[in-house]
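The values are calculated or read from the model by the stated rules, or taken from the named source; none is laboratory data. Not measured: the values here are computed from a predicted model. Cβ atoms come from the backbone with ideal geometry, glycine included; neighbour counts cover every protein chain shown. What goes into the accessible areas is simple: the full protein's heavy atoms, side chains included, and nothing from ligands, DNA or RNA. Shrake-Rupley method; radii C 1.70, N 1.55, O 1.52, S 1.80 Å.
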Amino acid sequence: MSPMKPLVIVTPFHESQIQAAIYCSKRSGIQIRVRSGGHDYEGLSYVSEVPFAIVDMRNLRSISIDTKDKTAWVETGATLGQLYYTIASKSKTLAFTAGVCPTVGVGGHMSGGGYGMLSRRHGIAADHIIDAKVIDVNGRILDRKSMGEDLFWAIRGGGGTSFGIVFAFKIELIVIPQTVTVFNVTRTLEQNATQIVHRWQYVADKIDENLLLRLFLRSFTSSRNGKRTIGAFFTSLYLGRVDDLLPIMQEKFPELGLVKEDCTEIPWIESVLFFAGFPRNTSLDVLTSRVPLVRPYFKGKSDYATEPIPEHGLKGIWKFLDEENENRAELQFSPYGGRLNDYSEFEIPFPHRAGNIFMIHYLVSWDKPGKKESQRHVDWIRKLYSYMAPYVSKSPRTAYFNYRDLDIGMNNERNTGFKQASVWGFKYFKNNFRRLVRVKTEVDPYNFFRNEQSIPPLS
Ligand code: FDA
């Protein structure tokens with residue numbers, strides 16, 4: 001893409017200003033891009049190749065918690081960090097299931113899914129949306145009742161941006177124990193990482209649903225001998241005490257060799273800091289910052305594994321990680337199973353339920369600017385993605401909408417038909433794509449809200 005600059009950035013403080021922005025951009029024929037946290041992987045909330053305005057929701061970030069009802073209204077300009085911080089300031093036993101990075105925005109994240117460390121026990125963020133306020137193409141402010149169940153279904157995983165501007169979500173909070181256990185254990189190739197990662201695939205989606213064993217794979221310099229090797233970093237959350245966790249690990253995954261000293265018991269809100277990579281004793285206030293934690297340039301892609309990857313397949317991945325070893329290149333294996341399987345594929349547009357062992361997230365990031373530099377890293381990740389084809393889901397090769405990837409298909413600038421959009425649509429949403437198209441046709445037949453991967457209406 002060769003992006004243009006926005007003609008105007010609107011930062012509303014009130015719903016009426018969003019209505020005005022929709023009215024004006026319709027009259028002047030310019031596109032609207034909505035930005036909540038600005039973490040879109042392809043920048044679709046703030047870049048475009050056609051004349052456009054940004055509606056930036058950052059000033060609409062109030063959060064009101066009802067601890068009795070265990071619900072909250074969250075305006076979409078809030079970040080996940082602000083949400084977690086506010087919940088924890090009201091209760092030690094309430095939480096919410098959503099992503100790990102605190103600067104991610106509620107608007108994009110919850111409308112596109114929202115996987116996090118609580119997901120095996122409590123599902124994804126979109127599973128817990130119980131009401132919403134949406135401003136539609138005609139400027140009407142709709143809630144669940146007035147928008148109807150089809151549109152309400154679509155904005156819980158189908159991405160808000162195809163259907164309107166989501167002003168706020170009402171969510172049900174979840175109950176968690178006062179103390180949880182976290183650990184971060186690393187195993188290198190010299191410590192049997194290949195065999196342990198291989199074994200992890202038979203355990204991760206079946207183990208006690210209170211336990212989420214997330215796995216990061218990277219090339220790194222070992223502090224033991226100063227040599228490069230592959231590290232398997234097991235970053236995990238158990239919703240309970242260490243004395244209950246250890247027997248589970250001993251029975252189901254003794255290969256990891258977890259011991260009590262590896263584990264820390266903390267309140268849930270401190271686990272949020274832990275998984276976001278903040279050092280121990282960092283003030284919780286850091287969760288209210290909107291300054292992104294990511295490096296300036298990155299490319300991400302995703303896959304779903306429905307079968308374990310054999311050891312020789314893993315060894316091929318190590319070769320790729322070695323090639324890109326001067327940079328931050330990694331694969332994240334995020335386990336599924338547990339409560340994620342309790343929902344049918346059609347309950348909400350997010351279709352990745354029973355049958356998936358884990359989601360794979362590929363990521364490479366770099367600091368140096370320039371086309372040549374970025375091309376090198378993007379080529380690398382595309383090659384890795386091709387290499388992975390035999391080991392991941394097929395027909396369609398599924399992908400996670402929140403890890404947006406324009407490589408898997410794009411709309412035309414103006415009119416994109418069902419067939420063309422199906423190329424990427426079925427990958428993100430499987431058969432739910434058809435219903436998303438029907439909802440779009442109903443609520444935005446002239447395709448006002450559109451971008452490179454928005455749901456097209458039937459023409
Ligand atoms: P942004 O503002 O860029 O919006 C993303 C998309 O949603 C755009 O198309 C935008 O137009 C639309 N949109 C935003 N607000 C809207 C609104 N109010 N109404 C209608 N449409 C709206 N995911 C995950 O599941 N688990 C995780 O742990 C993480 N971690 C993570 C870390 C980092 C560093 C990044 C960059 C991303 C993640 N993600 C993630 C992915 C994240 O969930 C995804 O990028 C979200 O779309 C980001 O939402 P934002 O509101 O921040 O993005």
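Details
- Residue 265 meets each of the listed conditions (1) out of contact with any helix residue (DSSP H, G or I) (no Cβ under 9 Å at 6 or more places or on another chain); (2) touching a residue at least 24 places away in the same chain (Cβ under 8 Å); (3) among the charged types (D, E, K, R) apart from (1).
- Residue within region 414-422 that is over 12 Å from residue 154 (Cα atoms) and within 16 Å of the ligand (Cβ to nearest atom) present: yes
- Among the residues here, residue 92 does not qualify as without any contact (Cβ under 8 Å) to a residue 12 or more places away in the chain and not aromatic (Phe, Trp, Tyr).
- One residue from 244, 322 being modelled with pLDDT of 95 or more and touching a strand residue (DSSP E or B) at 6+ places or on another chain (Cβ under 9 Å): 244
- Whichever residue in region 128-142 is under 24 Å from the mean Cα position of the chain (by Cα) and away from the ligand (no atom under 12 Å from the Cβ) and, among such residues, is most open to solvent (accessible area, probe 1.4 Å): 130
- Taken together, the residues in region 35-46 that are open to solvent by 30 Å² or more (accessible area, probe 1.4 Å) and either near the ligand (Cβ under 7 Å from one of its atoms) or touching a strand residue (DSSP E or B) at 6+ places or on another chain (Cβ under 8 Å) (or both) amount to 5.
- Search result, residues across region 245-271 that are among the β-branched types (Val, Ile, Thr) and more than 16 Å from residue 205 (Cα to Cα): 259, 264, 266, 269
- Total residues in region 74-93, condition among the aliphatic types (A, V, I, L, M) and open to solvent by 10 Å² or more (accessible area, probe 1.4 Å): 1
- Test: residue 203 is out of contact with any strand residue (DSSP E or B) (no Cβ under 6 Å at 6 or more places or on another chain), in contact (Cβ under 8 Å) with a residue 12 or more places away in the chain, within 22 Å of residue 70 (Cα to Cα) and more than 16 Å from the ligand (Cβ to nearest atom): no
- Within region 193-241, the set of residues being more than 25 Å from residue 354 (Cα to Cα), in contact with an Asp or Glu (Cβ under 6 Å, 6 or more places away or on another chain) and open to solvent by less than 40 Å² (accessible area, probe 1.4 Å) comprises 194, 219.
- Qualifying positions in region 421-436 - basic (Lys, Arg) and either within 17 Å of residue 392 (Cβ to Cβ) or open to solvent by less than 10 Å² (accessible area, probe 1.4 Å) (or both): 427, 430
- Residues that are touching an Asp or Glu at 6+ places or on another chain (Cβ under 8 Å) and assigned to a helix (DSSP H, G or I), drawn from region 115-126: 120, 121
- Failed item, numbered, when residue 97 is tested on (1) of a type in the set (S, T, N, Q); (2) within 11 Å of the ligand (Cβ to nearest atom); (3) within 27 Å of residue 207 (Cα to Cα); (4) open to solvent by 10 Å² or more (accessible area, probe 1.4 Å): (4)
- Of the residues making up region 387-397, just one is open to solvent by less than 10 Å² (accessible area, probe 1.4 Å) and either assigned to a helix (DSSP H, G or I) or within 16 Å of the ligand (Cβ to nearest atom) (or both), namely 388.
- Test: residue 77 is near the ligand (Cβ under 8 Å from one of its atoms), under 26 Å from residue 364 (Cα atoms) and not aliphatic (A, V, I, L, M): no
- Test for residue 12: is it within 14 Å of the ligand (Cβ to nearest atom), of a type outside the set (Lys, Arg) and over 15 Å from residue 169 (Cβ atoms): yes
- Residue tally, condition surrounded by fewer than 20 Cβ atoms within 10 Å (Cβ to Cβ), of a type outside the set (A, V, I, L, M, F, W, C) and more than 12 Å from the ligand (Cβ to nearest atom), over region 271-295: 8
- Only one of the listed residues (21, 72) is free of Cβ contacts under 8 Å to residues at least 40 places away in the same chain, away from the ligand (no atom under 11 Å from the Cβ) and in contact with a strand residue (DSSP E or B) (Cβ under 6 Å, 6 or more places away or on another chain). That residue is 21.
- Tally of residues being surrounded by fewer than 15 Cβ atoms within 10 Å (Cβ to Cβ) and assigned to a helix (DSSP H, G or I) across region 363-377: 4
- Search result, residues across region 302-327 that are within 15 Å of the ligand (Cβ to nearest atom) and either of a type outside the set (D, E, K, R) or closer than 17 Å to residue 101 by Cα (or both): 302, 304
Residues are listed down the side, and each one gets a yes or a no for (1) near the ligand (Cβ under 10 Å from one of its atoms); (2) touching a helix residue (DSSP H, G or I) at 6+ places or on another chain (Cβ under 7 Å); (3) under 30 Å from residue 240 (Cβ atoms):
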position	(1), (2), (3)
92	no, no, yes
114	yes, yes, yes
126	yes, yes, yes
144	no, yes, no
169	yes, yes, yes
